[in-house]
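The values are calculated or read from the model by the stated rules, or taken from the named source; none is laboratory data. Given the structure is predicted, the values throughout are model-derived calculations rather than measurements. Ideal geometry is used to build each Cβ from the backbone, glycine not excepted, and the neighbour counts take in all protein chains shown. Accessible surface areas use protein heavy atoms only, side chains included; no ligands, DNA or RNA. Shrake-Rupley method; radii C 1.70, N 1.55, O 1.52, S 1.80 Å.
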Amino acid sequence: MEKSAVASTVLPLANGPLQKTHSGDFNDQQPRPRRLVPGVLILALTFYLYVSAAYLRSTWPYQDLDDGEQQQPTLESQCVQPDALFPIHNNTELQRVYDYISTDSFRAASIDRLSGAVKVKSVSFDDLGAIGEDTRWDAFYDFSAYLQATFPRIHAQLDVEKVNTHGLLYTWTGSDASLKPTLLMAHQDTVPVPAETIDAWTHPPWSGHYDGKYIWGRGASDCKNQLIATLETVELLLEAKFQPKRTVLLSFGFDEECSGRQGAAKLSAAIEARYGKDGIAVIVDEGSGFEQTWGTIFAKPGTAEKGYTDVDITIRMPGGHSSVPADHTSIGVISDLITRIEAEQYRTHLETDNPYFTQLQCGAAHSPDFPSKLKDLLAQRRRAPVSCRARPDHLAVEAAKQGPEIKYLMQTSQAVDVISGGVKINALPERVTVKVNHRINVGDTAQLVYDRLTKLSSAVANKFNLTLHAFEDDPQEAPSSITLTSSRNALPVAPVTPVDEKPFEVLAGTIRALYGEEVVVTPGIMTGNTDTRYYWDLTRHIFRFGPGYDPSDAPGMGSIHTVNEKVSVLQHVNAVKWFTLFVLNMDQAEL
């Protein structure tokens with residue numbers, strides 16, 4: 001399934017996605033018998049045909065052909081797959097280092113490198129103080145020192161900058177300054193490991209243990225694997241004495257797990273100051289990977305991200321001695337509100353610009369086991385898009401039956417994640433707070449969330465005779481009140497990356513070169529958010545993609561953010577192969 005090396009002969013670049021063509025002669029010159037039709041019938045027939053054509057054009061994606069005919073597109077034409085894309089080269093040293101990635105020697109060295117990276121406890125916390133004052137930031141000095149010792153060629157031959165102390169920006173300057181750079185991203189930080197869960201780990205979370213198949217530990221799959229893979233790629237290309245025409249940038253933030261304001265935000269500003277808006281050719285960051293479904297292997301580079309908002313709900317009520325309680329304490333009241341919030345979910349709906357809509361079309365076109373009911377509903381949607389939000393979206397509802405991982409690609413999520421209140425067992429709680437996290441669906445906005453929570457909170461405020469302060473510009477807590485505030489890191493739905501342009505073709509062609517043309521590449525959507533939230537102005541071509549794939553590995557995300565996080569070594573090695581091919585293919589691409 002996997003191609004072991006770059007082709008040893010010179011292979012041409014693919015000529016772009018396969019295009020569906022149509023041929024036919026519509027110049028019928030045969031004489032026609034004269035027909036006598038009353039003028040009024042001619043006018044009526046003409047009007048009927050005009051209206052019918054207008055209606056069909058509005059409800060079906062016609063394709064205008066050169067000869068004037070309008071052809072209904074096939075499903076295949078909505079999911080065109082590019083040819084496998086191999087870089088053109090006759091560099092024997094480049095061939096040698098690519099072949100080296102498949103050796104046991106590289107595998108062993110790569111295991112040591114990634115294992116060592118996992119052992120560094122570069123953890124970020126939501127309550128971190130200022131850099132230079134909060135000593136918990138100091139772990140990132142250790143991590144950058146580890147990288148410097150592990151990748152000596154990179155640190156000797158590339159420009160290495162520290163942005164806001166711990167952000168790492170590597171610049172490999174290309175020979176042609178007119179070409180926009182390729183930017184590869186990852187983040188250095190991980191989420192914490194609660195002390196109470198350590199005993200539940202099969203192997204200790206900071207051990208970097210290798211068991212013959214997996215490397216275990218916090219950060220192994222989120223996302224020190226991607227960071228190490230990109231550095232291994234550049235180190236190998238430097239060893240091969242490769243000189244890029246197109247500048248290559250590596251940008252590694254250090255607080256992605258707490259929204260990236262100190263890391264990615266500062267790094268993106270530095271890159272924009274140098275290259276300007278829309279100054280980058282393509283960005284690849286961590287993200288979605290591969291999925292086996294409907295009898296097909298899909299590669300799903302994320303071309304969109306859901307939006308984001310946190311809402312804090314605070315209830316203030318009179319305190320007092322617990323021996324003389326009110327009928328309802330603030331904890332009881334906020335429990336009532338939480339119950340109302342969770343009693344109803346947001347609407348499941350699938351917009352046509354949601355990348356999952358494209359995956360459904362790809363499944364219908366290429367998957368032998370694609371469900372007939374989904375195919376019928378997809379055909380109905382293509383003929384008549386949903387225009388009334390009050391009506392159920394039957395296509396989305398049916399697709400959501402595959403499980404929550406699919407449902408939340410098409411639905412705004414809500415999760416009550418943090419609650420606090422009360423200070424003493426014999427004192428009534430005067431203040432209680434809850435934090436509710438939301439990931440916003442394509443087609444929805446944060447305002448939808450704010451309006452719904454305001455409505456639910458208003459009912460509770462009226463029930464318990466409290467004053468409601470909902471999303472005010474200068475929120476002030478008051479006695480006997482409910483206060484709603486939104487987080488400063490609220491984020492709209494990300495701009496959708498175009499998939500009908502050259503960068504996606506290069507990315508997809510590289511995937512099919514490494515893994516074979518039986519892999520169907522379709523755009524994906526991220527339910528979470530990445531550091532790319534700060535890079536929207538740098539390029540329209542942002543892909544959140546984990547390019548490593550191990551067909552024997554279990555489905556899922558490697559237990560990120562929970563017990564027993566791990567990554568398959570084959571998956572990691574394949575990521576190095578993919579990044580190597582992608583950097584070379586991008587270097588030769590004419591955008």
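Consider the candidate values (i) 43, 39, 21; (ii) 37, 33, 23; (iii) 38, 27, 25; state which one is semi-axes √(5λ) of the Cα gyration tensor in Å computed from the structure displayed.
(i)
Let me make sure I get this right: for the stretch 108-248, a, b and c are the square roots of the gyration tensor eigenvalues over alpha carbons, sorted descending. Under 1.5 in a/c it's rounded, otherwise prolate if a/b > b/c, else oblate. Which is it? Don't skip to the end; give the middle numbers.
Working: a/c = 2.54, a/b = 1.49, b/c = 1.70.
Oblate, because a/c is 1.5 or more while a/b does not exceed b/c.
DSSP loop (so not H, G, I, E, B), at most 14 other Cβ within 10 Å: list which trypsin sites (Lys or Arg not before Pro) in the stretch 398-463 pass both filters.
LYS401, LYS424
Going down the table (LYS162/LYS566; LYS245/LYS277; LYS266/LYS401; LYS407/LYS463), which pairs top 31 Å between alpha carbons?
With Cα atoms farther than 31 Å apart: LYS266/LYS401; LYS407/LYS463.
Per residue, what accessible area does the chain have, given a 1.4 Å probe and all protein chains present, in Å²?
For the chain, the per-residue accessible area is 47 Å².
Residue-wise, which Karplus ³J(HN,Hα) couplings in Hz belong to the stretch 457-471, taking 6.51 cos²θ - 1.76 cosθ + 1.60, θ = phi - 60°, and x for glycine or proline?
So the Karplus estimates, Gly and Pro as x, are 5, 5, 5, 5, 4, 5, 5, 10, 6, 10, 8, 9, 10, 10, 6 Hz.
Just order 308-317, 364-373 by mean Cβ neighbour count inside 10 Å, highest at the front, would you? Mind showing how you got there, number by number?
Working: 308-317: 21.7, 364-373: 15.4.
Ranking the peptides 308-317, 364-373 by packing returns 308-317, 364-373.
Quote the relative contact order of the chain in percent (integer), defining contacts as alpha-carbon pairs under 8 Å separated by 6+ residues.
Numbers: 1117 pairs, mean separation 134.5, N = 591.
So the answer I get is 23 percent.
Rank-order 101-108, 279-286 by packing density, defined as the average count of other C-beta atoms within 10 Å over each peptide's residues, highest first. Walk me through the numbers on the way to the answer.
Numbers: 101-108: 13.1, 279-286: 24.2.
Ranked from most to least packed, the peptides come out as 279-286, 101-108.
Just the number, please: carbon plus sulfur as a percent of the accessible area of the chain, 1.4 Å probe, no ligands or DNA/RNA counted.
52 percent
Would you please classify the overall shape of the stretch 371-530 from the alpha carbon gyration tensor, given that a ≥ b ≥ c denote the square roots of the eigenvalues, rounded means a/c under 1.5, and beyond that prolate means a/b larger than b/c while oblate covers the rest?
prolate
How big is the antiparallel share of DSSP beta bridges in the chain, given as a percent to the nearest 5?
In the chain, DSSP labels about 70 percent of beta bridges as antiparallel.
Using the alpha-carbon centroid of each, what span in Å lies between the stretch 488-538 and the stretch 305-360?
31 Å
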